[in-house]
Amino acid sequence: MAQIVIPVFRGDRVKPVLISGIIYLATSLLLILGWWEIAIIHLVSGLIFCITIVGIPWGLQHFKMAIGAIFPFGKEIR
C-alpha cells in the first residue's frame, strides 16, 4: 500500500489505464462492498484540511486518494 500512496505525496500523477473486463468487475465489486465509504472519508478529510492555508496540500492529497479508493484497479502512478 505504501508503494501506491507515497508517490502521490511526491506530486506524481495517477494515470488511467485501459479498463478490461476483470478490472471493471473487481472495481464494481469493491464499490458494492463499501469502498465508497473510504472515498467519502477522504473527501471529508480533504475538505477539512483545505479550511486552513497550511492544510491545503494535505487536503489535495486526500482528494487524490479518494479517486484511488473509488477506482483502485486500472490506475498507474507516475
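Scanning region 36-62 for residues that are among the hydrophobic types (A, V, I, L, M, F, W, C), part of a helix (DSSP H, G or I) and surrounded by fewer than 17 Cβ atoms within 10 Å (Cβ to Cβ) returns Trp36, Ile38, Ile40, Ile41, Val44, Leu47, Ile48, Ile56, Trp58, Leu60.
Within region 51-63, residues that are without any contact (Cβ under 8 Å) to a residue 40 or more places away in the chain and closer than 16 Å to Ile41 by Cβ sit with their Cβ atoms under 8 Å from residues that are assigned to a helix (DSSP H, G or I) and of a type in the set (S, T, N, Q), at 6+ positions apart or across chains, in these pairs: Gly59/Ser45; His62/Ser45.
Does Val5 meet the test of being modelled with pLDDT of 80 or more and of a type in the set (Val, Ile, Thr)?
On the way: modelled with pLDDT of 80 or more: no; of a type in the set (Val, Ile, Thr): yes.
When the stated conditions are applied, Val5 does not pass them.
The values are calculated or read from the model by the stated rules, or taken from the named source; none is laboratory data. Quantities reported herein were computed from a predicted structural model and do not represent experimental measurements. Every residue, glycine among them, receives a Cβ derived from its backbone with ideal geometry; neighbour counts consider all protein chains shown.
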